[in-house]
Structures are given as structure tokens and as C-alpha cells.
Amino acid sequence: MQIVHVATAAVNQTPLAWDENRTNILEAVAQAKDRNVSILCLPELCITGYGCEDAFHASGVLRTAAEVLEEIVPHTKGIVVSVGLPRMHGDGIFNTSCLISDAKIIGFAAKQNLAGTGVHYEPRWFKAWKSGVCGHTELSGQKYPIGDLLFDCGGVKIGFEICEDAWTAKRPGRDLARAGADLLLNPSASHFAFGKQEIRKRLVLDGSRAFGVNYLYSNLLGNEAGRMVYDGSTLIASDTKLLAEGKRFSFEKVQLISAHIDVEASRSRRTQMQEAAVAPTVSPEQWVKADFQFPKTLPAPTEESGAEWEKSTDIKEEEFTRAVALGLFDYLRKSRSAGFVVSLSGGCDSSSVATLVTLAVQLGIEELGRERFIERFSHLESLAQTTDVPGLVAALLTCVYQSTRNSSEVTRKAAQSLSAAIGATFYEWDIDSLVDGYTDRIENAVGRKLEWSQDDIALQNVQARARAPGVWMLANLTESLLLTTSNRSEAAVGYATMDGDTSGGLAPIAGIDKAFLRRWLHWMEEKGPSGSGPIAALKAVNQQQPTAELRPPGEKQTDESDLMPYELLDVIERAAIRDKYMPLEVYQLLRAEFPQYGARQLERWTVRFFKLWSRNQWKRERYAPSFHLDDENLDPKTWCRFPILSGGFSRELAVLREWTAANETADE
């Protein structure tokens, strides 16, 4: 046996936060040394941060990244460490991982497959390295190999698949394994999306099985640059067995796991594989050798596995809770804001936002403890005086109920009881005088009374907009961040008042649909996340039908009467926007999935969606930054692009109407 103790780490980095990023990297190295680890894999671009955007093109950024690398190197005595950074080579910038062995740089592995879909824009900044090619890059007057490399460190052979490399059909790991790799390192910056962890596990386990190697997967952790939340997934596998799995959504700055692997056993397995007989495809120029003395190590059991909540039957609810909570926690401390402000209407959306802020505090304290939680907000000296979770929630969350004559006692009590239950600071005021003031001015200007029969939208929107200045003022006074409360379903059809309920600096639920939010709030009322429990006060919210409360009470306004059933709206959105179906195809899908509705009604709802979608792209362009939670995001800055001005599907909707006229009976 040749037993090697290996580790992989997740680190919570921030783009261009050089000293903080270096500190986290060195903390990971120190933890690995404390455990007598010999090989440590750190995430992709962990020196600079992954989300540097066009700053990657700045030569000063590339120089500083190299300087920080050289500052890290002396701390790696007695260990092999991979560290991610961008490198200029020839006429391109490359996404590389530097392998350091015993405080000496031995080379730079370069990423061969760039992520250029969805939230990723790597080809904008980097060039893809060609398979089988290697060269040399200069650092402080010394040349080092760079490219598609296989490293031999003291007899243990190490190859790289950098994030997207493992998600392609032609994985670099296959050729590296054929050439004799014992260990594949996968430094990643893999953002969170629902259900993605199971896909990662399959990639890691399939890699270890198909290539006959030991496999280490590292990832970033937390809200790195604003929109992406990284869950900090870390995995170690050997021979189709998952040896270690890190805890996701940690509030720690560094999360490290380790395992003991048997290099000789993996070599023996490879000799039994048919592919082992294939001639190696790695040329002698791609081999990089370095001296390293591995300590004598005995086999040891691995006790690190995922958190208990990972086994929950409510995994989507758990993931949503923890992703947004961690996203809010990091956004608050990295923006150095004093807290959050929410205009709490007593309805589903604003109550979800307030609840998620509370959970960020609860889950953070649960993992870090009160003192370390407060240390993470060192810019807020006032937090030191708090002694419990409600006190910290009160210090970090302010909720405001802003009533009009159209507001109900039901929503007022719901907002009041929820604020009391979660411990938020709560204010309440009436804005009728503001609304009346604006209305009077406009009536005087246009020379007539405004009437609901002909001025419905204007009279609704002025109420929503009149709420914005006061809550903005409160946020400014407290140096807090105003959170918007619009969800993805509303964003799809523009069912939000621009500069009203869209006012704010961050939109934490704009990436999730209304139907799920309603289910999640019921779950929060009855069960809640593992380790935290339910919030019974949400019953007052869940008993209501969603309503904007902008029309007179006698009209009994609800969101779904204004639009369509949310469950149906979300099906249309996925089919039309995610799957790119045309209106007739969407309608035919609805006929199959919603037989309880008549043909003409389904046609009207389909037409309504496509018209509202096309008309409201300008609103989606102006939404505050939102967290990316799945592959159905509508954020045009990171996922779903659509022209602000378009033909509005006029031809396609005409095709739909012609088809239904010819194929559906009038009474359906």
C-alpha cells in the first residue's frame, strides 16, 4: 500500500479582495497541515475570485494575482497545493491552477473547456487551452511549464480537470488516466442550482470509476460577487466510493475535508481495465516532475459526510432556505451595510423575504455561535451589545407596514404578528396623505377627477410608488440595504410597480417562482429547516389569497384574478422562456396539463402571458440584483436575454388564434 492523506477545501472568496482571499487560502493550508495532509486541492480562480468580470482584462489584476501567489508559496512547506489564478500567456489570458510542491512552484495546468452558457461568460475573458499542448510562462524571472500537464510529485502522478473540463463529453481526465494519473484534481467555481449536487456526485464518482483514479473536487463557498451563491460542495472519491463529502452552505470562511487514499490500489484497478492497454496520449513534454517526500501513513477511516438535512425529503425547501440565507449573510457583510429594511405588506412575498433574513441570522449563529457571528460583522460595533437571536434580528432587520385605505386589517395583523415572532424592528404608518397629495396635483394639472373606471393602473401604481420614498429614507438613515420583494412569476409578466415594490438594492426572491414560494411558506409554518423549526406566525400569511391591495376593498382584488393561476403561469413561463416553445405549442401543452380549464380560457391566458412578457422586458432590465437559484432565472444580466423592443409575438399569437378557431369548439 501507498497511503496518501489528501484534502479538498471550499473557501469564501470575494473578487479582487486580495488580502482576504490570501488569508482564507492560507487558513486552508494551515488546516490541511494540522491534519497532516500531503495534497490539498483549492478552488478555481481562488486568488482573484471567480467573478472579477472584465477586470480580468486588467494587466494590474494579473500582476497582483502573481504577487499573491508568490506570497502563498512559502507557506506550503511540506505539502502539495493547487491554487487557481488567471495567467497571461502569449496573446491570451488562461484560467489556470498552479501546483506548488514543498514551497516550490512546479507548473500551471490550464483549463481546456470554458463555460460560456447560462450565467457563465468565460470566453469573454479567457482562451481555452488546447489538449496535448504545453509551453512555458515566466514569473519573477523564472520559467515554469504551463498547459495540458501531468505532474509527478514524488512518484504520485497528479492531473487536472478544471470545473467545466469534467462536464464535457471529452474529459481531459481520460487521457491523463491512460498516461498514469493516480489522482485527478478538480478545482471548481460551480454555482448553486437546485438538484445540482447530485449531478456533481455523478461526475466525481464516474470519473473515479471510468478512469480508475482517485478524484478530488473543490468549490467556492458563499455569495462571492453578488448574484451567484456557491454552496461549497467538496467531494473525495475513489473506485466509485465517495470517501468524504463536505457540508454545503457553511457560514465558515474555510470548509476542509480529507481522506486517506491508496495509490497502489488505484493503479492495480487500472491494470484490470481494458482502456489501460491503450497507448498513453500524453507526450514526454507534458510530464512535469518534482521531488516530494510523502510521509509514511497508515489507512484511516473517513468520518466526514454531508449534513443531515441533505437526506431530507424536502430537499428543495432546505436548499432554497440555506442558499438564500447564506447569500443574504455574505451580501450584508461584504457590502458593509448596517442591516436590511423590508416593506412588509403582510403578504407572501415580503413575508418570505423577512423570514429569510431571520433564517440567515439563525443558521449563522447555529453554526458559528454568537461571538463568531458578530465577528463577521466587525463593521457593526452595535452588535456586540446583543445577547440572543431576537436581539440580532432586531438589530439587522427592520420591517415597515405602510397602509392605505385599501389595506386590510388581515394584512396589517399578519405583518405585525410575523415581525413580533421573528424579533424584527417594526414600524407602521399610513400613506394616504401622500397618495392624495400626488392625486390632487395630477387632477389639478389635467383638469379632471381621476376615476377607477378609466385610471385603474395609475391609481394602483401611485400607491406602490408612494411607499418607496419613506422606506428608502429609513434605509438611508440606518445605512441599511433595502430589499425588494418581487418574485420570478411577477417578473415574467411585469406584475410589479417599477420604483414601487421593485425599489431596493437587492432582490433575494426574484429568482424563484410564486407557486414554490407559497409552498415554502406553508413548509416554514408547519416544519421549517432542519435544526431551526417552524414559524407558526406565518399562518396569518398563508391563510390569505395573494393580493396587491391596491384597488378598493369592494373589488376583492387578487393576483390570480389580475393575471391567471400562478401554477399555470409558471408552467407557461417554463415552456415559453426556458424551453423556447411558441404560443401554439404552449397552448397545446396547457390543454394536456390543465384539462379543468376551457379552451378559450387557456387561449386567453396564453395570449396574456406572451403580451405581458414582451411588454415588460424593460422592467426585468431594471430589477435589483437577484440570487441565481436555478436554470429558469429571468435576470437578463446573468441568464435570460430578450429584446426590450420586439414584435411582441404578434405573428405567433395570430397562428394560435387561427388554430384554436379551426380546432376548438366554441363552448370549450
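Of the residues that sit in the stretch 308-337 and are among the basic types (Lys, Arg) and at pLDDT 95 or above, which one is most open to solvent (accessible area, probe 1.4 Å)? Steps first, answer last, please.
First, pick out the residues of the stretch 308-337 that are among the basic types (Lys, Arg): 311, 316, 322, 333-334, 336.
Filter once more, so that each one left must be at pLDDT 95 or above: 316, 322, 333-334, 336.
Values: Lys316: 66, Arg322: 25, Arg333: 28, Lys334: 57, Arg336: 154 Å².
Only one residue tops the list, namely Arg336.
Could you check the stretch 136-173 and list, in sequence order, the residues that are among the small types (Gly, Ala, Ser) and in a loop (DSSP other than H, G, I, E, B)?
Restricting attention to the stretch 136-173, the residues satisfying the condition of being among the small types (Gly, Ala, Ser) are 140-141, 147, 154-155, 159, 166, 169, 173.
The answer is Ser140, Gly141, Gly154, Gly155, Ala169.
Set side by side, the residues Ile105, Ile93, Ile146 differ, and just one is open to solvent by less than 20 Å² (accessible area, probe 1.4 Å), of a type in the set (A, V, I, L, M, F, W, C) and more than 30 Å from the chain's Cα centre (by Cα), which is Ile146.
Condition check ((1) of a type in the set (S, T, N, Q); (2) under 28 Å from the mean Cα position of the chain (by Cα); (3) modelled with pLDDT of 95 or more; (4) surrounded by fewer than 23 Cβ atoms within 10 Å (Cβ to Cβ)) across all residues:
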residue	(1), (2), (3), (4)
Leu16	no, yes, yes, yes
Asp19	no, yes, yes, yes
Thr23	yes, yes, yes, yes
Thr76	yes, no, yes, yes
Met88	no, no, yes, yes
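Residue count for the stretch 485-515 under the criterion of being closer than 22 Å to Phe329 by Cα, not in a loop (DSSP other than H, G, I, E, B) and not small (Gly, Ala, Ser): the result is 2.
The rows are residues; the columns are (1) open to solvent by 20 Å² or more (accessible area, probe 1.4 Å); (2) among the hydrophobic types (A, V, I, L, M, F, W, C).
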| site | (1), (2) |
| --- | --- |
| Met498 | no, yes |
| Ala510 | no, yes |
| Lys514 | no, no |
| Leu517 | no, yes |
| Pro534 | yes, no |
| Thr547 | yes, no |
| Pro552 | yes, no |
| Tyr566 | no, no |
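Evaluating Ala189 against the criteria (1) within 23 Å of Ala300 (Cβ to Cβ); (2) touching a Cys at 6+ places or on another chain (Cβ under 9 Å) leaves one unmet condition, (1).
Within the stretch 48-55, identify whether any single residue is farther than 19 Å from Leu221 by Cβ, charged (D, E, K, R) and more than 21 Å from the chain's Cα centre (by Cα), and answer yes or no. Steps first, answer last, please.
So in the stretch 48-55, the residues farther than 19 Å from Leu221 by Cβ come out as 53-55.
Pick out the ones that are also charged (D, E, K, R) and you get 53-54.
From what's left, more than 21 Å from the chain's Cα centre (by Cα): none.
The answer is no, given that none of the residues of the stretch 48-55 is farther than 19 Å from Leu221 by Cβ, charged (D, E, K, R) and more than 21 Å from the chain's Cα centre (by Cα).
Scan Ala189, Ala181 and give me the residue that is open to solvent by less than 10 Å² (accessible area, probe 1.4 Å), touching a Phe, Trp or Tyr at 6+ places or on another chain (Cβ under 6 Å) and either of a type in the set (A, V, I, L, M) or in a helix (DSSP H, G or I) (or both). Before the answer, list the steps.
Numbers: Ala181 fails: touching a Phe, Trp or Tyr at 6+ places or on another chain (Cβ under 6 Å).
That would be Ala189, the only listed residue that is open to solvent by less than 10 Å² (accessible area, probe 1.4 Å), touching a Phe, Trp or Tyr at 6+ places or on another chain (Cβ under 6 Å) and either of a type in the set (A, V, I, L, M) or in a helix (DSSP H, G or I) (or both).
When the stretch 205-225 is filtered for residues that are on the phi > 0 side of the Ramachandran plot and touching a Phe, Trp or Tyr at 6+ places or on another chain (Cβ under 7 Å), only Gly222 remains. For beta carbons closer than 9 Å, sequence separation of 6+ or different chains, a first residue in the stretch 266-286 that is open to solvent by less than 90 Å² (accessible area, probe 1.4 Å) and modelled with pLDDT of 75 or more and a second that is in a helix (DSSP H, G or I) and of a type in the set (Lys, Arg), the qualifying pairs are Arg270/Arg178; Val282/Arg178. Scanning the stretch 205-247 for residues that are open to solvent by 10 Å² or more (accessible area, probe 1.4 Å) and under 10 Å from Phe192 (Cβ atoms) yields one hit, Met228. Cβ-Cβ contacts under 7 Å between residues 6 or more apart (or on different chains), taken from a first residue in the stretch 1-18 that is within 30 Å of Gly155 (Cα to Cα) and in a strand (DSSP E or B) to a second residue that is aliphatic (A, V, I, L, M) and open to solvent by 20 Å² or more (accessible area, probe 1.4 Å), are listed as Ile3/Leu298. Among the conditions (1) open to solvent by 20 Å² or more (accessible area, probe 1.4 Å); (2) in a helix (DSSP H, G or I); (3) farther than 19 Å from Gly511 by Cβ, the only one that Glu303 does not satisfy is (2).
For (1) free of Cβ contacts under 8 Å to residues at least 24 places away in the same chain; (2) under 20 Å from Thr48 (Cα atoms); (3) small (Gly, Ala, Ser); (4) out of contact with any Asp or Glu (no Cβ under 7 Å at 6 or more places or on another chain), each residue gets a yes or a no:
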position	(1), (2), (3), (4)
Leu85	no, yes, no, yes
Phe126	no, yes, no, yes
Lys143	yes, no, no, yes
Thr168	no, no, no, yes
Leu183	no, no, no, yes
Ser188	no, yes, yes, no
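Has the stretch 622-637 got at least one residue that is of a type in the set (Gly, Ala, Ser), more than 25 Å from His191 (Cα to Cα) and part of a loop (DSSP other than H, G, I, E, B)? No, every residue in the stretch 622-637 fails to be of a type in the set (Gly, Ala, Ser), more than 25 Å from His191 (Cα to Cα) and part of a loop (DSSP other than H, G, I, E, B). Within the stretch 341-354, the set of residues being touching a Cys at 6+ places or on another chain (Cβ under 9 Å) and open to solvent by less than 10 Å² (accessible area, probe 1.4 Å) comprises Val341, Val342, Leu344, Ser350, Ala354.
The values are calculated or read from the model by the stated rules, or taken from the named source; none is laboratory data. Since the structure is predicted, the reported quantities are computational estimates derived from the model, not experimental observations. FYI the Cβ positions are ideal-geometry reconstructions off the backbone, even for glycines, and counts take in every protein chain you see. In case anyone asks, the SASA skips ligands and DNA or RNA and just uses the protein heavy atoms, side chains included. Shrake-Rupley method; radii C 1.70, N 1.55, O 1.52, S 1.80 Å.
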